[in-house]
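Structure below; questions to follow.
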Amino acid sequence: SLSDRLGGVFDRLRGRGALTEADVRAAMREVRVALLEADVALPVARDFVDKVTEQAIGQNVLRSVTPGQQVVKIVHDALIAMLGADESSLLLDVTPPAVVMMVGLQGSGKTTTTAKIAKRLTQGSLTGRERKKVLMASLDVNRPNAQEQLATLGTQVEVATLPIIAGQQPVEIARRAMQAAKLQGYDVLMLDTAGRLHVDQALMDEMKAVADIARPQEILLVVDSLTGQDAVNVAQNFSDQVPLTGIVLTRMDGDARGGAALSMRAVTGKPIKFAGTGEKMDALEAFHPERVAGRILGMGDVVSLVERAAESIQVEDAERMAMKMAKGQFDMDDLRGQLAQMRRMGGLGALAGMMPGMKKAQGALAAQPGSDKMLIHMDAMIGSMTAKERSKPELINAKRKIRIAKGSGTTVQEVNKLLKMHLEMSTAMKKIKKMGGLKGMMAMLG
Ligand code: GDP
Ligand code: MG
């Protein structure tokens, strides 16, 4: 496993103070091989390794895990941050009918996934509790019987399909489907489009024309998770042509190593909303970044390993924090440690008011729904900072803010919020130091 391979690189290192640049670079060569073996596209693997290298250099060597394990942990966390949080919901809050359009290569699983999602919607999952009245329409006039295939699945999942009229073209079918959905009071219209064997401009134009007519709330790119190096091309081509809102990875029940997930995320920046896990109509799951990270790293034991590393990081972080606070220092790495701890302890809401100086920042954050998602965003933002920026946040000027926002899939406003929160916390720490109340505060932190 990657862990074993890194063990070799790091044998000499144990007991030294910090991960050195040379050691980290040697380790990252192994990580790069592991990523490529997991089918991560080359340019994506390269970018990822560069980013993580910067994060890892200079980190303190933990006492209770090996440096190899520690690097695995750093890589694992970075993978999860990049793969993104669970976002397996559809935004269909519009005057009905809301339109969901499925696009992708032929055989990727569009038709199957259309019916799977439709079934969930009629059952009231995916969009809160409310059961949706759903109509499905196949625009696939290329493959013989494609429209019948969807009709058969519709019968199976008890979802209506648009009656088939022979000879109609996709744009006409889309128009008819919109009209039927409106007249018959459907909440959601799902459009299953024709596949492409490879990226073909005529079909791309057809897809764009359909999107222009139907104005979908969601355009989901369906991708076979077994797609290898080609994933980047597929993602780039589709996202250049239509405004994708999310990705569905199918065949996650097979032996895909998960690399396509990372490539798709990196190229489109869109959330992976679902994972297809079989041919049956129930085989649709939320996307679990930690499972995919484990697969990419190729380790069955990655979870326990990472937990162990996390525990020891927690202990050593607390010690380091105490020292820093005693000196009146508190940088972005410290804030990141605190954020991770908050997530472990049940999110911002649960913690509101526990830490002095955090009250104000937390109150504001916890008042908003999805504040735990914000913790994840904050972690991603700090992850997109260089080591220098993390230790000296005052370096972060407007240009750097834009880069950080881009790198973390957030906005400059969010970066500003994070910087403000950091400033408030470090000010509070300095005050505490002045008051000599460090011991009491550490007790509160646990
Ligand atoms: P389309 O051409 O994109 O519409 O693809 P289809 O929906 O027709 O799917 C092609 C084949 O893949 C069918 O045999 C499906 O049953 C199968 N399939 C789709 N999704 C999954 C999945 O998540 N796991 C597995 N094992 N098979 C799937
Ligand atoms: Mg199909």
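Being within 15 Å of ligand 1 (Cβ to nearest atom) and either in a helix (DSSP H, G or I) or modelled with pLDDT of 95 or more (or both) is the filter here, so list the residues in region 194-205 that pass it.
Scanning region 194-205 gives a single hit, LEU203.
Looking only at region 128-147, count how many residues are within 16 Å of ligand 2 (Cβ to nearest atom) and modelled with pLDDT of 90 or more.
Selection size over region 128-147: 9.
Farther than 17 Å from ILE247 by Cβ and outside the structural domain of ASP230 (by TED's automatic domain parsing): is that true of LEU135 in this structure? Working first, answer last.
Numbers: farther than 17 Å from ILE247 by Cβ: yes; outside the structural domain of ASP230 (by TED's automatic domain parsing): no.
Considered against the rule, which asks whether it is farther than 17 Å from ILE247 by Cβ and outside the structural domain of ASP230 (by TED's automatic domain parsing), LEU135 comes out as no.
Give me the residue from region 270-296 that is part of a loop (DSSP other than H, G, I, E, B) and modelled with pLDDT under 90 and, out of that set, surrounded by the most Cβ atoms within 10 Å (Cβ to Cβ). Steps first, please.
Going residue by residue through region 270-296, those that are part of a loop (DSSP other than H, G, I, E, B) are 270-271, 277-283, 287-288.
Still in the running and modelled with pLDDT under 90: 287-288.
Numbers: PHE287: 24, HIS288: 16.
Among those residues, the one meeting the criterion is PHE287.
Out of (1) buried (at least 22 other Cβ atoms within 10 Å of the Cβ); (2) assigned to a helix (DSSP H, G or I), the odd one out for ALA78 is which?
(1)
If you don't mind, another one. Of the residues ALA151, ALA177, ALA160, only one is surrounded by 21 or more Cβ atoms within 10 Å (Cβ to Cβ) and in contact with a strand residue (DSSP E or B) (Cβ under 8 Å, 6 or more places away or on another chain); which? Working first, answer last.
Details: ALA151 fails: surrounded by 21 or more Cβ atoms within 10 Å (Cβ to Cβ); ALA160 fails: surrounded by 21 or more Cβ atoms within 10 Å (Cβ to Cβ).
Step by step, each of ALA151, ALA177, ALA160 is checked, and only ALA177 is surrounded by 21 or more Cβ atoms within 10 Å (Cβ to Cβ) and in contact with a strand residue (DSSP E or B) (Cβ under 8 Å, 6 or more places away or on another chain).
Scanning region 97-127 for residues that are outside any strand (DSSP E or B) and under 19 Å from GLY185 (Cβ atoms), which turns out farthest from ligand 2 (Cβ to nearest atom)?
GLY124
OK, next. What are the pairs, 6+ residues apart or on separate chains, where a residue within region 99-125 that is under 17 Å from MET207 (Cβ atoms) has its Cβ under 6 Å from a residue that is among the acidic types (Asp, Glu) and buried (at least 24 other Cβ atoms within 10 Å of the Cβ)?
Taking only residues 6 or more apart or on different chains, the pairs are MET102/ASP192; LYS110/ASP192; THR111/ASP192; THR114/ASP192.
To continue, here is another question. Within the group THR250, THR268, THR245, THR227, which residue is in contact with an Asp or Glu (Cβ under 7 Å, 6 or more places away or on another chain), away from ligand 2 (no atom under 16 Å from the Cβ), of a type in the set (Val, Ile, Thr) and in the same structural domain as GLY154 (by TED's automatic domain parsing)? Give the steps one after another, and end with the answer.
Numbers: THR250 fails: away from ligand 2 (no atom under 16 Å from the Cβ); THR268 fails: in contact with an Asp or Glu (Cβ under 7 Å, 6 or more places away or on another chain); THR227 fails: in contact with an Asp or Glu (Cβ under 7 Å, 6 or more places away or on another chain).
Selected residue: THR245, the only one of THR250, THR268, THR245, THR227 that is in contact with an Asp or Glu (Cβ under 7 Å, 6 or more places away or on another chain), away from ligand 2 (no atom under 16 Å from the Cβ), of a type in the set (Val, Ile, Thr) and in the same structural domain as GLY154 (by TED's automatic domain parsing).
Among the residues of region 138-161, which ones are within 16 Å of ligand 1 (Cβ to nearest atom) and assigned to a loop (DSSP other than H, G, I, E, B)?
LEU139, ASP140, VAL141, ASN142, ARG143, PRO144, ASN145, VAL159
So which of ASP253, ASP230, ASP240 is at pLDDT below 85, under 30 Å from LEU203 (Cα atoms), surrounded by fewer than 20 Cβ atoms within 10 Å (Cβ to Cβ) and more than 18 Å from the chain's Cα centre (by Cα)?
ASP230
From GLY269, GLY258, GLY228, GLY278, grab the single residue that is out of contact with any strand residue (DSSP E or B) (no Cβ under 7 Å at 6 or more places or on another chain), of a type outside the set (A, V, I, L, M, F, W, C) and within 12 Å of ligand 1 (Cβ to nearest atom).
When all the criteria are applied, what remains is GLY278.
List pairs: first in region 176-197 and more than 12 Å from ligand 2 (Cβ to nearest atom), second among the charged types (D, E, K, R) and modelled with pLDDT of 95 or more, Cβ under 6 Å, 6+ apart or cross-chain?
TYR186/LYS133; ASP187/LYS133
Since LEU189 meets every condition but one in (1) out of contact with any helix residue (DSSP H, G or I) (no Cβ under 6 Å at 6 or more places or on another chain); (2) not in a helix (DSSP H, G or I), which condition does it not meet?
All conditions are met except number (1).
Related question: Out of LEU221, LEU249, LEU244, I need the residue that is part of a loop (DSSP other than H, G, I, E, B) and of a type in the set (A, V, I, L, M). Which one?
The conditions single out LEU244.
The values are calculated or read from the model by the stated rules, or taken from the named source; none is laboratory data. Model, not experiment: these values are computed from the prediction. All Cβ positions, even for glycine, are placed from backbone atoms using ideal geometry, and neighbour counts span all protein chains on display.
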